[in-house]
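Enquirer: Encoded as structure tokens, here's the structure I'll be asking about.
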Amino acid sequence: MQSIKEKIKKEPLPKHVAIIMDGNGRWAKSRGKERTYGHKCAIQAVRNAVDACNEMQIPYLTLYTFSSENWNRPDEEINTLMSLISETLLLEAEEIFSKGLRMHIIGDIEKLPQLVQQQLNQLVDITKDNDKGNLILALSYGSQREILSAVKKIGAKIKSGELKEEEITEEVFENHLYTKDFPPVDLMIRTSGEVRISNFLLWQIAYAELQFLDILWPDFGQEDFYKCIYDYQNKERRFGKTSEQLDENI
Ligand code: IPE
Ligand code: IPE
Ligand code: MG
């Protein structure tokens, strides 16, 4: 029998996959453990996603790692998450580099602990010439804040005369988002069974395919990623057109 991976065609592949890695707490609780145990076990799932994406040569992967709203969690959980992020960056830096991945960060990183900021900046810097794929971590990220910050930047440019109101196009707007260097999201995946976006890439998912999986993030394996790609390939992305137009290639 053909494996799911073998069923994947060469094209179309998404250029940009974004993942809401959700369900760590529930995964741990269902095993009678603390929520933080779920966060620890989530790291292997991150590796699985990164490896599968790298193997498929999908050039952009954005991982929702910590949201602006996650600052409202108990201090103890936030501290554990920050330590885990720091440890993981330290442990995985070499692997990320040797895979040729370029690392990027989106979000209000100045809110993160100094050490984490330093590690992130360092990893972004040392991987800046890598060209085998882009790994984007959304940290202290909130899409509404990102959009507001773009509006403010554009407002300031109008005020100073650098930009005219009639010059504001979708493209100009996008150039003021944290994601200005990345293509729009083609496929967004959320684990944990929740069917919501939770303030993630609201502008960038305008035409993304959305897949909500009934598995908890620490259980996410490479096979799950391949299944998502297989399902993606079996969708017709019409972008407002009719199927007939797509068949006729017009
Ligand atoms: C996702 O898992 C990780 C973060 C949001 C940091 P959760 O911690 O949200 O796990 P659940 O959704 O409560 O199970
Ligand atoms: C979204 O998950 C944020 C991340 C995965 C980092 P949450 O668990 O914070 O989302 P809600 O609160 O259930 O919507
Ligand atoms: Mg959650």
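Enquirer: Can you tell me which residues in the range 153-205 are within 16 Å of ligand 3 (Cβ to nearest atom) and either in contact with a Cys (Cβ under 9 Å, 6 or more places away or on another chain) or assigned to a strand (DSSP E or B) (or both)?
Expert: Within the range 153-205, MET188, ILE189, ARG190 qualify.
Enquirer: What is the residue count in the range 20-36 for residues that are under 19 Å from the mean Cα position of the chain (by Cα) and in a loop (DSSP other than H, G, I, E, B)?
Expert: 3
Enquirer: Sticking with this structure for a sec: Just one of the numbered conditions (1) touching a helix residue (DSSP H, G or I) at 6+ places or on another chain (Cβ under 9 Å); (2) surrounded by 15 or more Cβ atoms within 10 Å (Cβ to Cβ); (3) not polar (S, T, N, Q) is not true of MET188; which one?
Expert: Checking MET188 against (1) touching a helix residue (DSSP H, G or I) at 6+ places or on another chain (Cβ under 9 Å); (2) surrounded by 15 or more Cβ atoms within 10 Å (Cβ to Cβ); (3) not polar (S, T, N, Q), the one that fails is (1).
Enquirer: Pairs only if they're at least six apart or on different chains, beta carbon under 7 angstrom, first in the range 221-242 and more than 19 Å from SER192 (Cα to Cα), second assigned to a helix (DSSP H, G or I) and among the hydrophobic types (A, V, I, L, M, F, W, C); list them, first residue then second.
Expert: Matching pairs, first to second residue: TYR230/ILE4; GLU236/LEU246; ARG238/LEU246.
Enquirer: Could you count how many residues in the range 206-250 are among the hydroxyl-bearing types (Ser, Thr, Tyr), surrounded by fewer than 19 Cβ atoms within 10 Å (Cβ to Cβ) and not in a loop (DSSP other than H, G, I, E, B)?
Expert: 2
Enquirer: Next up: Restricting attention to the range 18-41, does a residue exist that is within 12 Å of ligand 2 (Cβ to nearest atom), buried (at least 16 other Cβ atoms within 10 Å of the Cβ) and either acidic (Asp, Glu) or free of Cβ contacts under 8 Å to residues at least 24 places away in the same chain (or both)?
Expert: Checked the range 18-41: at least one residue is within 12 Å of ligand 2 (Cβ to nearest atom), buried (at least 16 other Cβ atoms within 10 Å of the Cβ) and either acidic (Asp, Glu) or free of Cβ contacts under 8 Å to residues at least 24 places away in the same chain (or both).
Enquirer: Also, quick follow-up: Scanning for something in contact with a helix residue (DSSP H, G or I) (Cβ under 7 Å, 6 or more places away or on another chain), near ligand 1 (Cβ under 9 Å from one of its atoms) and touching a residue at least 40 places away in the same chain (Cβ under 8 Å), does the range 44-61 turn up at least one residue?
Expert: no
Enquirer: Six or more apart or on different chains, Cβ atoms under 6 Å: show the pairs whose first residue is in the range 112-130 and closer than 14 Å to ILE96 by Cβ and whose second is part of a loop (DSSP other than H, G, I, E, B).
Expert: ASN130/GLY100
Enquirer: Considering only the range 71-78, I want to know if a residue exists there that is buried (at least 19 other Cβ atoms within 10 Å of the Cβ), touching a strand residue (DSSP E or B) at 6+ places or on another chain (Cβ under 8 Å) and in contact (Cβ under 8 Å) with a residue 12 or more places away in the chain. Before the answer, list the steps.
Expert: Let us first name the residues in the range 71-78 that are buried (at least 19 other Cβ atoms within 10 Å of the Cβ), namely none.
No.
Quick note: the coordinates plus some simple rules give every number you see, no bench work behind them. Keep in mind that this is a model prediction, so the values were computed, not measured. Cβ: placed from backbone, ideal geometry, glycine included. Neighbour counts: every protein chain shown.
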